[in-house]
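**Student:** Can you keep this structure in mind? I'll have questions shortly.
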Amino acid sequence: MYELEIERPTTVADAVSALGGEAQLLGGGQTLIPTLKQRLADPEKLVSLSGIADMQGISASGDTVEIGGGTIHADVAADGTYAALSELASHIGDPAVRNRGTIGGSIANNDPAACYPAAALGSGATIVTNKREIAADDFFQGLFETALAEGEIVTAVKFPMPQQAKYIKFVQPASRFALVGVFVAKFADGVRVAVTGASNDGVYRWSEAEAALSADFSASALEGLTVSSDDMVTDLHGSAEYRAHLVKVMTARAVNAA
Ligand SMILES: Cc1cc2nc3c(=O)[nH]c(=O)nc-3n(C[C@H](O)[C@H](O)[C@H](O)COP(=O)(O)OP(=O)(O)OC[C@H]3O[C@@H](n4cnc5c(N)ncnc54)[C@H](O)[C@@H]3O)c2cc1C
């Protein structure tokens, strides 16, 4: 790692003031610290978000659960207010990752195989930043790309709670990331289906499955659908064709389990 400064503000306003120049936000460090160790980034300063009390915790109001951007995966896993989300969090990485990694860091990083982006997109969540609120449909913009501006901080994520929901991932056993993961959420006005791990463009909604499941919320409603392997990821863990196959299988399992 390069020599660098670290600041530990206790308010969002102080974090914003600490940014500038070659400074970078630090959430749980589960992605950023390995990146620094490999010398793939060399910020002059890290601005840690872990001491900001306003970015911690989980609260529910009506059918919405709001999770502070600095909340660690282990706390989401233990909460249980939005059961499908808590279960998702309980299967992220390993205990070390879950006790440091944060929902804000995961959403901001938008790793194409990460779990929270599927939950946010599948639930129709709203990403709250220090500047604005962004619908998940507009937030995720491709591999590691989001609508965030330079230095914009994810302070919270608001999830509308569906009638039924489930996340199922086919685990990449070395990392516990999703080889393919599917989040299915059934609301009064329709079903949302978000897929992670599969596409070269990162997390996406499978609109054909949403239409079929909105008409008939059962795995059999998916039977006539085909998933194209065009634009799917091929790597040493699986081919594009294998991932396309998994998308349909994981969706059916999520519907059955929901
Ligand atoms: C071994 C291992 C296994 C993992 N398995 C999984 C898995 O199964 N599923 C899964 O989804 N993830 C997995 N992860 C990733 C993990 O969930 C991390 O928590 C996540 O990638 C990054 O969150 P973080 O809080 O550690 O962010 P950091 O590493 O601190 O930051 C990541 C990026 O986000 C920025 N950032 C951080 N917080 C904010 C914020 N609040 N607002 C704006 N920008 C911010 C940083 O500047 C940086 O660019 C795994 C990681 C490891 C190391």
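**Student:** Which lysines, if any, have their Cα less than 25 Å from the Cα of Lys37, not counting same-chain residues under 8 positions apart?
**Tutor:** Straight-line reach from Lys37, under 25 Å: Lys45.
**Student:** For the chain, what mean projected area does the convex hull of the alpha carbons give, in nm²?
**Tutor:** In nm², the orientation-averaged hull projection of the chain is 13.2.
**Student:** Further, regarding this structure: Where Lys and Arg each count +1 and Asp and Glu each count -1, what net charge lies around Val193 among other residues with Cβ under 12 Å from its Cβ?
**Tutor:** +3
**Student:** Can I ask one more? Show which lysines lie in cross-link reach of Lys158 when reach means a straight Cα distance below 23 angstrom and same-chain residues fewer than eight apart are skipped.
**Tutor:** By straight Cα distance, Lys158 reaches Lys131, Lys166, Lys169, Lys186.
**Student:** So who's got an amide H within less than 5 Å of the one on Tyr204, skipping anything under 5 residues away but keeping other chains? H placed 1.01 Å off N, in plane.
**Tutor:** Hits under the 5 Å cutoff: Val195.
**Student:** Can you tell me how much longer the chain between Leu40 and Ser207 gets when fully stretched, taken as 0.36 nm per residue apart minus their C-alpha distance, in nm with one decimal?
**Tutor:** So the chain would gain 56.5 nm between Leu40 and Ser207.
**Student:** Also, I was wondering about something else. Given H placed 1.01 Å from N in the peptide plane, which residues other than close sequence neighbours of Ile92 have an amide H under 5 Å from its amide H?
**Tutor:** Residues meeting the amide H criterion: none.
**Student:** Quick check for you: which residues of the range 244-258 have the amide N under 20 Å from the point 7 Å beyond the Cα of Ser90 toward its beta carbon?
**Tutor:** The answer is 253-258, whose backbone nitrogens lie closer than 20 Å to the label point.
**Student:** So if I place +1 on the C-beta of Lys and Arg and -1 on the C-beta of Asp and Glu, and nothing else carries charge, what would the dipole magnitude of the chain be about its Cα centre? I want it in debye, nearest 20.
**Tutor:** 660
**Student:** Which aspartates and glutamates have a Cα lying under 13 Å from the Cα of Lys248, excluding residues fewer than 8 positions away in the same chain?
**Tutor:** Glu208, Glu210, Glu223
**Student:** Specify the inter-centroid distance of the range 236-253 and the range 76-116, based on alpha-carbon positions, in whole Å.
**Tutor:** Their Cα centres are 22 Å away from one another.
**Student:** Additional query: Ranked highest first by average number of other Cβ atoms within 10 Å, how do 33-39, 73-79, 114-120, 94-100 line up?
**Tutor:** 114-120, 73-79, 94-100, 33-39
**Student:** Charges at C-beta only: +1 for Lys and Arg, -1 for Asp and Glu. How large is the resulting dipole of the range 164-257 about its Cα centre, in Debye rounded to 20?
**Tutor:** In debye, rounded to 20, the range 164-257 gives about 460.
**Student:** Oh, and also: If I take every Cα pair under 8 Å that is 6 or more residues apart in the range 73-148, average their sequence separation and divide by the length, what percent do I get for the relative contact order?
**Tutor:** 23
**Student:** For Lys131 and Thr234, calculate 0.36 nm times their separation in residues minus their Cα-Cα distance, and state this gained length in nm to one decimal.
**Tutor:** Roughly 33.4 nm would be gained on extension.
**Student:** Tally Lys and Arg at +1 and Asp and Glu at -1 over the other residues with C-beta under 13 Å from the C-beta of Glu44: what net charge comes out?
**Tutor:** Value of the local net charge: -4.
**Student:** Show me the helices of the chain, taken as full DSSP H stretches, that run 24 Å or more along their long axis by Cα and average -0.5 or above in Kyte-Doolittle hydropathy.
**Tutor:** Going by DSSP H runs, the hits are 240-257.
A short reminder: the numbers here are calculations on the coordinates, not readings from a lab. For clarity, every value in this text was computed on a predicted model and none was experimentally measured. Glycine also receives a Cβ, built like all others from the backbone with ideal geometry; neighbour counts cover every protein chain displayed.
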